Amino acid sequence: MKTSALLRFGLRLFVRRRATMFFFAGCLGLGIAFLSAVGHLLAAVDLAVALRARELLAGDVQVISSRTFNADERAALSRALTPGRRAVQSVALASMLAPLRADSSPFLVAVKAVEARYPLRGELITAPPRAEIIPGSCLIERSAALSHDLKVGDLVRLGNLRLRVTGLIDKEPDRDFFGFSFAPRVFISIEDLPRTGLLGFGARARYAWTLSLADAENPAAAADAAKRSLEKALPDPHLNVSSYSDGESSVRDGLRRSGIFFTALSLAALILGAAGLRAGLTLFLDGESATMGLLRCLGATVAEIEKLYASVCMGAAVLGGRLGAFAGWALSAAVARTAARFGLTLSAPPQFGLFAECLLLSAALAWGLSAARIRALAARPPLDGLRAPPLMARRLVIVGWGVAVAVMAAAAYRRAPSAREAAMLVGALALGAALIEGLSRGVLALVERGAEVAEGFGLPFPLRHGLRRLVRRPAETRVMLFTLAAAFALLASVAASRQGFARALAPAQAENAADLFLIDVQPAQLKDARRIAVRYAKEEPAFAPLVRARLLSVDGRALSRGEKRRDEDSRRTRERLRSREYNLTFANALNPSESLVAGRFWDPGTAAGEASVERDFADRAGIKLGSRLAFDVSGRPIAAMVTSLRRVEWAAMRPNFFVTLTPALIAEAPRTYIASLRARSGAASAALRRELSRAQPNVSVVDAAALLDTARKTLNLILTAIEALAWFCVVVGALVAAGLVALGRGQRATEGALERALGFRAREALAADAAELIGLGAMSAACAAVAGFFLAWAMSRRLEVPFTAAPLEILALIACALLLPALSGLLAGAPARRQAALDVLRNDVN
């Protein structure tokens with residue numbers, strides 16, 4: 001047969017079986033739609049980050065330190081200023097800003113002291129336009145001005161300095177990509193910073209030196225060269241040297257890492273669709289066995305029949321890929337428009353590479369899931385058409401499954417931040433699919449055994465017959481079990497994760513949980529700060545010493561900058577945790593929010609150098625029980641051995657630390673104090689702020705309740721989005737199950753007609769159908785409950801929240817899994833039950 005004849009025949013077959021073909025297209029299209037949407041959104045984020053890369057840094061290269069630069073460091077920075085380049089210095093810290101009005105309360109702000117030529121890249125948008133940052137004045141973020149009734153011309157007090165508001169900030173260049181900040185921004189002149197008195201000992205300040213390249217320099221190459229040169233000239237690992245490309249990659253990787261659950265769920269939806277596609281293709285191809293035999297009798301070769309049916313199957317899959325790709329792009333465009341409400345500007349133009357990926361993915365899945373079946377049926381002798389389906393070639397089955405897994409792994413790799421994350425994602429999906437498939441097979445075997453046992457107990461024949469129907473069609477039953485159980489297990493795991501977050505945040509919502517933190521209390525201020533806090537607190541405030549230090553070595557290995565590669569996430573995290581500046585404390589006992597998990601806590605008065613480290617931090621930083629830590633505390637080296645690991649209830653909102661040392665080691669070191677307390681009322685909280693602002697202007701008062709509420713809303717938004725996608729997986733599973741029932745309606749109608757012709761009454765036929773469908777629902781619920789337990793455990797581990805069951809929600813989901821097949825199946829089978837048996841058999845309904 002000529003290729004054109006094969007194509008015409010294939011088109012006629014496609015049109016004749018168009019309902020079946022659209023089912024195949026829908027199975028893949030639904031799964032690919034969300035995969036396409038995630039891909040388009042990630043591409044939109046990449047584009048937005050690339051456009052804002054230099055603006056996010058307000059320059060091209062930046063050096064950040066938690067202390068002032070010394071003479072050698074300033075000399076190295078000066079040498080980087082070749083002709084044409086410019087540099088600007090800035091200092092960022094948190095403090096309290098007090099409007100100079102009798103009825104106002106001070107509030108926390110993020111202060112940024114800059115030079116007049118700031119910013120070097122991007123634009124600082126203000127009202128009035130181009131408001132200057134000059135000594136004696138400040139710019140304040142518009143949201144803070146509206147919240148605290150401030151306007152241009154008003155006087156405010158920052159520390160010991162009075163400033164006049166000369167402008168409102170609408171946009172700053174080097175803000176977080178999402179515009180998020182723990183407090184509203186205030187800009188002041190760097191010349192005013194010493195006069196505020198905010199840079200006393202223990203002040204938490206970040207010093208930055210930002211470089212802008214000359215106009216004639218190639219941005220990417222010159223920025224990387226300048227970064228390497230500065231890293232060589234500034235070997236201290238506690239100095240962070242970065243270029244705008246580092247910020248671009250870190251933001252992109254962070255966003256991809258936070259979106260890994262959406263990628264996982266979109267791949268899960270695709271797996272459900274692929275499972276339905278495979279079962280549907282099997283039913284379709286087995287039904288075409290007689291046509292294949294007829295074509296063989298008319299002279300068609302095995303290769304021609306393979307091409308014919310492979311083209312039909314792949315045509316349906318490519319149709320699904322096109323529909324899914326366009327639906328995903330439309331969804332991503334809608335989400336991008338919605339993102340503007342959150343202050344995020346995204347553009348989601350069509351990504352033709354993603355469209356091609358979707359088509360390739362669809363075609364590869366269709367071929368991989370059908371090639372072995374097509375060859376086995378096409379190669380069978382024509383006269384064997386009435387026999388059982390032939391065995392498929394094992395090698396081709398393995399190749400087909402390998403292609404299917406490979407294209408899904410490639411899709412995961414394109415969306416994951418690293419190859420390691422992609423491998424973990426694919427492995428987790430494979431393990432989850434294997435678990436649910438194993439559960440489906442095991443439950444089906446139990447049902448088969450149960451039907452045999454029930455016969456001896458006198459179970460009515462229609463009920464036994466309905467259960468045996470599930471066993472007689474094991475492949476179809478397993479697919480419906482797999483899709484329904486997987487979908488409801490995903491929902492159960494999301495419900496458990498939501499409960500885990502609620503449990504993790506529960507201590508912060510307790511009646512006496514602290515809602516205010518006092519930061520940077522100097523030792524000379526401790527007595528007065530405690531006296532003021534006691535007057536407004538419900539209970540005695542908890543004060544703890546804080547000592548700033550730098551980690552020098554772990555087990556004798558000095559810290560050094562390491563090369564950052566894409567697949568070294570854990571090592572990069574460990575290096576970042578080790579090279580940061582630390583807030584240490586000392587104590588003779590655990591506080592109420594701490595508990596010992598390993599080792600022993602020292603006895604009061606011990607003179608040994610011992611350290612107690614928070615468990616999760618120790619795990620991430622590669623610190624173990626018995627590790628020796630060396631710190632630099634104000635220029636003095638100290639050493640301590642890790643003798644205990646602690647579990648910390650961070651949500652208890654007490655002064656907690658990653659590292660606690662024995663008092664004998666650092667009790668004499670320069671320190672400040674941090675405190676937490678619960679204000680008696682909102683009025684007491686405002687009064688505390690006012691009094692501390694007047695008496696101790698350097699002390700910052702942080703509203704922990706507001707920060708916690710923001711975190712809670714963000715987590716709920718993410719979980720709601722994940723839950724919506726999980727419900728979509730349920731819809732995919734239900735549609736796959738319904739489609740398989742529809743594909744087999746001819747066989748089911750014929751079987752039902754034979755049963756009625758052999759004496760089944762309408763009531764008994766309905767009982768048999770109900771037994772079959774309720775049995776399917778019960779098996780789905782059982783598999784979903786077991787798989788949901790393990791998925792919830794894995795998700796809680798990944799999210800680092802307590803593993804908590806959500807009994808009411810899980811029971812509701814199990815009830816849905818139990819009833820959904822029964823309701824949909826009984827409604828779908830009603831027309832066949834009403835049809836006369838002789839009419840069905842006479843017409844040989846297909």
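The numbers here are math on the coordinates, done by the rules we state, and not lab data. Please read these numbers as outputs of a predicted model, since none were measured by experiment. Note that each Cβ is placed from the backbone with ideal geometry, even for glycine, and that neighbours are counted across all protein chains shown.
So here's what we get for this one:
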| quantity | calculated |
| --- | --- |
| Summed residue charge, Cβ within 12 Å of Pro83's Cβ, Lys/Arg positive, Asp/Glu negative | 0 |
| Protection-proxy order for peptides 400-407, 275-282, each taking the mean of Cβ atoms within 10 Å per residue, highest first | 275-282, 400-407 |
| All lysines inside 20 Å of Lys171 as judged from Cα atoms, apart from same-chain residues fewer than 8 positions distant | Lys112, Lys151 |
| Rough spin-label spacing in nm, given labels placed 7 Å along Cα→Cβ, for Glu668 and Phe22 | 8.6 |
| Length added when fully stretched, Leu47-Ala812, from 0.36 nm per residue minus Cα-Cα | 271.2 nm |
| Net charge, Gly328 excluded, C-beta distance under 13 Å - Lys, Arg +1, Asp, Glu -1 | +1 |
| Under 25 Å from Lys307, Cα to Cα: lysines that are on another chain or at least 8 residues apart | Lys2 |
| Distance between modelled label sites at Lys527 and Leu431, nm, 7 Å Cα→Cβ extension | 5.9 |
| Region 36-122 - charge dipole about Cα centre, Lys and Arg +1 at Cβ, Asp and Glu -1, debye rounded to 20 | 260 |
| Glu540-Ser4 pseudo-label distance in nm [points 7 Å out on the Cα-to-Cβ vector] | 9.7 |
| Residue-span extension gain [Arg206 to Glu191] - 0.36 nm each, minus C-alpha spacing | 3.8 nm |
| Potential extension, Glu452-Phe803 segment - 0.36 nm per residue separation minus Cα distance | 122.4 nm |
| Environment charge at Arg16 (Cβ cut-off 13 Å; Lys +1, Arg +1, Asp -1, Glu -1) | +3 |
| Built amide H within the under 5 Å cut-off of Gly59, gap 5+ | Arg121 |
| Long-range HN-HN contacts of Gly136 with modeled amide H, under 5 Å | Ser189 |
| Hz values of 3J(HN,Hα) by residue in region 428-436 - Karplus curve (6.51, -1.76, 1.60), Gly and Pro given as x | 5, 5, 5, 5, x, 5, 5, 4, 5 |
| Set of lysines near Lys538 by C-alpha distance (under 30 Å), chain-local residues within fewer than 8 positions excluded | Lys527, Lys713 |
| Packing rank of 808-814, 641-647, where each peptide gets the mean count of other beta carbons within 10 Å, highest leading | 641-647, 808-814 |
| In range of the label at Arg86: residues from region 129-167 whose backbone nitrogen is under 19 Å from the point 7 Å along Cα→Cβ | 129-135 |
